[in-house]
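Rule-based calculations on the coordinates, nothing more; no lab input. All figures in this text were calculated on a predicted structure; none of them were measured in a lab. FYI the Cβ positions are ideal-geometry reconstructions off the backbone, even for glycines, and counts take in every protein chain you see.
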Amino acid sequence: MILTYTTEELKQKIIDLKKRLSVTVVAHFYQRDEVFEMGDITGDSLELARRTMADDKKFVVFCGVGFMGQSVKILSPEKRVLMPKVACCAMARMIDSLYFDESIAYLEKHGIKAENILPITYINSNADVKAKVGKMGGMVCTSSNAKMIIEKALSEGKKILFVPDRCLGQNIANMMGLKSCVIGDDTDPNEADIICYNGFCAVHQLFTVDDIEFYRNKYPGILIAVHPECDPAICAKADFVGSTSQLIKYITELPEDQKVAVGTEFNMVNRLRAKNTYVLSSTKPECPTMNETTLEDLYLTLKSIEDGNPINEIEVDEETAYWAKIALDRMLAL
Ligand code: 13P
Ligand code: SF4
């Protein structure tokens, strides 16, 4: 549908609809500015899951990527969760339950029994993968709690299979002085504490060592702050590595005249601090799937609730939701 409203008109219509409906609009930090502005709850993936669970409105309109809306539905099945665009995170799409089973088979082929494997899935995965992980006694993590979750998992004395982000898995392993490998590389998985699936975020792969050197040469004294989805070679050279909310805290607390180049998604970096904050790349690191959601989509989704015919509703089948919730709850309990 093509709408002829201006941005300001659309914003006003959205505000009016929100007043009339029992609805909460949730928006991830990576959303376009005009969509982000409309959010009643904003944050990173962990904050959004927690705060939306505590919210009492019947409808949740979730502006983010598919796995985030799914997580809200799994944690709060009584809510009706709609997504203006059911955009699937490219990293989450790199693994499904079949690839998960193949990864277990790969480890078994190397002599590691299934009962000695503890799987951990980054929240950037679809419900079928979370369910597989839940069934095997594993749990979910986000970039803000991955280290704590891995510490807990290690205490069970098993091999950790970390899916789908090899960079996050390897970065945490390096941070903790553990050995890691990637499925399919030359390393014997028996030698590694953390065995990573070979998935990655294309947006966070844009940052290079050359970018870091460029900024350090151009602005001596500049700090480099990056997300742990960046390649381990980048994280090793950075001054600070942190999740979305940890990056925000770090950067906003810097003295005003301190320059910082940031390696994470563009919309968020652009919103952070007007002065002395740089994007650590010559290519604009926009997440294509996060950017799919427009103000028009948000308006049409809210309008569909008012018209009694809600669109793009998230559903997760009972069996999958049951096991995925177990994996999510184990994380939230920590
Ligand atoms: P957060 O868990 O920090 O919100 O990040 C999600 C994500 O997709 C990062 O690329
Ligand atoms: Fe997925 Fe990367 Fe986009 Fe995050 S930035 S939602 S990991 S594609």
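Please give the contour-minus-distance gain from PHE214 to LYS284: 0.36 nm per residue of separation, less the Cα-Cα distance, rounded to one decimal in nm.
The PHE214-LYS284 span can extend by a further 23.6 nm.
If you bin every alpha carbon distance in segment 1-117 into 10 Å steps from zero, what whole percent lands in each bin?
12, 35, 26, 16, 8, 4, 0
Translational diffusion coefficient, Stokes-Einstein: compute it for the chain using the Kirkwood radius over C-alpha pairs as Rh, at 37 °C and 0.692 mPa s, and state it as an integer in µm² s⁻¹.
D = 159 µm²/s.
Compute the FRET efficiency between LYS57 and TYR106 as 1/(1 + (r/R0)^6), taking r as their Cβ-Cβ distance and R0 = 56 Å, and round to the nearest 0.05.
The computed FRET efficiency comes out at 0.80.
In what sequence, highest mean first, do 97-107, 45-55 appear when ranked by Cβ atoms within 10 angstrom?
So the peptides 97-107, 45-55, ranked by packing, come out 45-55, 97-107.
Exceeding 26 Å between C-alpha atoms, which entries from my cross-link table qualify? They are LYS132/LYS249; LYS147/LYS179; LYS19/LYS130.
Long pairs (Cα-Cα over 26 Å): LYS132/LYS249; LYS19/LYS130.
With all pairs of different alpha carbon atoms counted, what Kirkwood hydrodynamic radius in Å does segment 70-207 show?
15.4
What do you get for Rg/Rh over segment 163-205 if you use C-alpha atoms and the Kirkwood form of Rh?
That ratio is 0.97, to two decimals.
Mind listing the Cα extents of segment 98-164 along all three principal axes, in Å, largest one first?
Principal-axis extents of segment 98-164 (Cα, largest first): 33, 26, 16 Å.
Starting from the Cα of GLU306, step 7 Å toward the Cβ, then list every residue of segment 8-36 with an amide N under 12 Å from that point.
Only 10-22 pass the distance filter.
Hey, any idea what the orientation-averaged projected area of the convex hull of segment 196-250's Cα atoms comes to, in nm²?
Mean projected area for segment 196-250: 4.2 nm², to one decimal.
How far apart, in nm, are two points set 7 Å out from the Cα along the Cα-to-Cβ line at THR252 and at ALA202?
Going from the THR252 label point to the ALA202 one covers 3.1 nm.
Kindly give the semi-axes, whole Å and largest first, of the ellipsoid equivalent to segment 252-313, taking each as the square root of 5 times a Cα gyration tensor eigenvalue.
After diagonalising the Cα gyration tensor, the semi-axes are 36, 14, 7 Å.
Checking the table LYS73/LYS152; LYS85/LYS152; LYS85/LYS284; LYS73/LYS237; LYS58/LYS158 against a 32 Å threshold on Cα-Cα, which pairs fail?
LYS85/LYS152; LYS73/LYS237; LYS58/LYS158
Using only Cα atoms, locate the centre of segment 270-334 and the centre of segment 181-205, then give the distance between them in Å, rounded to an integer.
Value for the Cα centre distance between the two parts: 27 Å.
What is the magnitude of the charge dipole of the chain about its Cα centre, with +1 placed on the Cβ of each Lys and Arg, -1 on the Cβ of each Asp and Glu, and no other charges, expressed in debye to the nearest 20?
Using only the charged Cβ atoms, the result is roughly 600 debye.
What full-extension length gain, to one decimal in nm, is calculated for SER76 and SER97 as 0.36 nm per residue of separation minus the Cα-Cα distance?
Extra length from SER76 to SER97 when fully extended: 5.3 nm.
Taking N as the number of residues in segment 165-303, what value does Rg over Cα atoms divided by 2.2 N^0.38 Å take?
1.19
Counting each DSSP H run of 4 or more residues in the chain as -39500 (n - 2.57), what helix-only mean residue ellipticity at 222 nm follows after dividing by all residues, to the nearest 500 deg cm²/dmol?
-12000 deg cm²/dmol
Compute the projected area of the convex hull of the Cα atoms of segment 221-334, averaged over all viewing directions, and report it in nm² to one decimal place.
With every direction weighted equally, the projected area is 11.1 nm².
Excluding LEU17 itself, calculate the net charge of residues whose Cβ lies under 12 Å from the Cβ of LEU17, where each Lys or Arg counts +1 and each Asp or Glu counts -1.
Its environment carries a net charge of +3.
Ordered by residue, what ³J(HN,Hα) values in Hz, to whole numbers, does segment 28-40 give under the Karplus form 6.51 cos²θ - 1.76 cosθ + 1.60, where θ = phi - 60° and Gly and Pro are x?
Per-residue couplings from phi come out as 6, 3, 7, 5, 4, 3, 5, 6, 3, 4, 7, x, 7 Hz.
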